[in-house]
Structures are given as structure tokens and as C-alpha cells.
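Read through the structure below, which is laid out as C-alpha cells, and then see the notes.
We did not get these values from a lab; they are worked out from the coordinates using the rules stated. Please read these numbers as outputs of a predicted model, since none were measured by experiment. FYI the Cβ positions are ideal-geometry reconstructions off the backbone, even for glycines, and counts take in every protein chain you see.
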Amino acid sequence: MSKKQKLVTTAKKLFWQHGVRRVTIEEICNEAGVSKMTFYKHFKNKVELALFIMQKFNEEGMQRYHNVMNSNRPFDEKIREIILLKLEQTEELSQPMFKDIHQNRVPELKTYFDQIAKKNIETILQDFALAQKNGDVRPDVNLQFLFYMLNQMLSMARDEKLQALYKKPQTLVIELTTFFFYGILPRQGEK
């Protein structure tokens, strides 16, 4: 493993556990077994490193999303799989990292997340437009309404009062995602 990869792997583990604000460059270097000079050879600061990690994390997540959407499974199975992917991704993050991103504790992370979320939502809407054309989404659903609701869900996930109702922010994210797709009624076979 290259020294840069050691830095990235170590920083991701530390950031995901403790958040970006709490972790120092010195901690990352010590745990990775590399010098600070090596760190600065690859990254300007820990925020740049965190953004690099988030970019890779998003790329991997979107690749997995595309793999599900491009599969030959029925659309409702794809939705269930996407919810599971979302759960997997959010389970990895600690509350400090979640707050660093969503409560603007590290402004660069929030800005990046908002940009990526907007782009990802646009991709999802394109897929839903195709699903609607194929008869997998109700024809009377306004896709701009879906776009609006997905953006509202991002805002809701940041709401501290709503977060307080859940032990972990990840549980809130999954609740919002499941509610968005299924509402409050039990799904077929769940009674």
C-alpha cells in the first residue's frame, strides 16, 4: 500500500469514527506510520483530505447505485436494494462526522455534500423519469415534486429537533428514505 493510500485509509477510519474536526493531522500520520512531510506532499490540509475521501466514497456509492439501477430486477426490488445501500453507507458514519457535514461544523464538507447531493438527486430523478416511462412509477407523479421532496429530506436530516427523536442520525436517514418510498402503510407481505 502506498503512503498516500495509508493516509487515506487511516484518515477515513478516524474521520468516520470521530469526525473531521476532532482528528488531527498528527493523529492521522502517527496511525498511518507516515511523516507530516509525506502528508503535506499529498494534501494541503485535513479538510482537503476529507474532501478527497468523501469524493471517493460518493463515487463508490454511486457506482453501486448504478449497478442496482442497471440490473434486470423489478423496480420495487431495486428500491429496496437502494434503501439497503443507503443504510450501509450511513451506518459507517459516526455522529461527529454526520454533524461535521450536516450541521456546518466544517463548511467545506457541507458545501461539497450539498453539491454532490444535488447532482445525485438529479441522477435519481432521471432514473425515476425512465421508471415512470416504463410504468414502474405512477404516471401522475410530478417528478419536480419528487425533486423538491428529496431536497426537503436533506433539510429534515439536518434538523436537530428531528435528529433528537432518534438515537443515531443514520436511523433518521433510513426512516426518511423508507417513508419517501413507501409512506406509512405496510408493504405487501409485512403485516
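Here are a few things to note about the model shown:
- Residue list for region 119-157, filter: without any contact (Cβ under 8 Å) to a residue 12 or more places away in the chain and surrounded by 14 or more Cβ atoms within 10 Å (Cβ to Cβ): Gln132
- Helices (runs of 4 or more DSSP H) wholly inside region 15-130 that include at least 3 residues being of a type in the set (D, E, K, R) and under 17 Å from the mean Cα position of the chain (by Cα): 46-69, 75-92
- Only one of Lys78, Lys6 that is touching a helix residue (DSSP H, G or I) at 6+ places or on another chain (Cβ under 8 Å) and under 23 Å from Thr177 (Cβ atoms): Lys78
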